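A quick write-up on the structure given underneath.
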Amino acid sequence: MGYQGVKFRTEVIGREVPQSPPIKELRYWCRKFSSQGFAPVYEGGSYGNLSFRLQESKDQFIITASGIDLGEELSDDCFVKVENCDLKKGVVYASGEREPSSESILHFAIYHERKDVNAIFHGHSKNILEQANELGIPQTSKEEPYGTIELVQKVLEILDDKAFLIMKNHGFISLGRTMREAGELALRFRVKTKIV
């Protein structure tokens, strides 16, 4: 099933483009994910989304916008600041010029549950998915559509203190105290997979 757009409602708080020095590092990891095949391209963008927490113990974060190619030279307006989420109503409160990533609710829920996590990198790798069992990577019990509360619930069921997990038949989530930690963890799992 291809990309079908964002499935939640976005309440735009402001149109200001996020200005935060760590965006420079996030750009680097977007390009890295693209070059490693973790962000496959579709017409109008690429799969995968990356974010970092703005302030310790707060749930606000900067995330890649929906419908962008992570391998391109990303301008500041390719990033969105998520201020808050209402998981019950499926509403994301954000500021920026674009729609936030389709997995913004998932990122919010993880930041809310795990105050030790300051970066969430979601990517796609057929090899990692197919070899998850032999690599000992925990995975959700059931496949759920991307961008849904059901997917969030399945991830929260197995999250605990894990740093790397699989969303069944979908993709991986790599978590870190820093962007570097989240990025390097994903790269380590890529190295561990056998090329098939």
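Quick note: the coordinates plus some simple rules give every number you see, no bench work behind them. Note that this is a predicted model, so its numbers are computed, not measured. In this analysis, Cβ positions are derived from the backbone assuming ideal geometry, glycine residues included, and neighbour counts consider all displayed protein chains.
Side notes on the structure shown:
- Among residues other than Leu50 with Cβ under 11 Å from its Cβ, the summed charge is +1 (Lys and Arg +1, Asp and Glu -1).
- Basic side chains Lys and Arg get +1 at the Cβ, acidic Asp and Glu get -1 at the Cβ, and with that the dipole of the range 33-135 about its Cα centre reaches some 400 debye.
- In order through the range 67-74: 3J(HN,Hα) via Karplus (6.51 cos²θ - 1.76 cosθ + 1.60), integer Hz, x for Gly, Pro: x, 10, 8, 5, x, 7, 6, 8
- Lysine pairs in the range 8-125 with Cα atoms under 22 Å, if 8 or more residues apart or on separate chains: 11
- Of interest is the spacing of the C-alpha centroids, which for the range 72-105 and the range 28-68 amounts to 11 Å.
- For the range 11-163, the pair-distance distribution built from all alpha carbon pairs, in bins 10 Å wide starting at 0, is 11, 41, 38, 10, 0 percent.
- Sequence-separation-based contact order of the range 1-71, relative, with Cα cut under 8 Å and 6+ spacing, percent: 30 percent
- Residue-by-residue Karplus 3J(HN,Hα) for the range 90-107, coefficients 6.51, -1.76, 1.60, Hz, glycine and proline x: x, 10, 10, 9, 9, 10, x, 8, 10, 6, x, 3, 5, 9, 4, 5, 5, 4
- Under the Karplus curve 6.51 cos²θ - 1.76 cosθ + 1.60, θ = phi - 60°, whole-Hz ³J(HN,Hα) for the range 151-167, x wherever Gly or Pro sits: 5, 4, 4, 5, 5, 5, 4, 10, 4, 6, 10, 5, 10, 8, 8, 10, 8
- Residues whose amide H lies under 5 Å from that of Tyr93, counting only those 5 or more places away or on a different chain, are Glu11, Glu83, Asn84, Cys85, Asp86; hydrogens are built 1.01 Å from N in the peptide plane.
- The H on the amide N of Gly176, modeled in the peptide plane, is under 5 Å from the matching H of Asn118, Ala119, Ala182, each at least 5 residues off or on a different chain.
- Contact order normalised by residue count of the range 83-145, Cα under 8 Å, 6+ apart, percent: 17 percent
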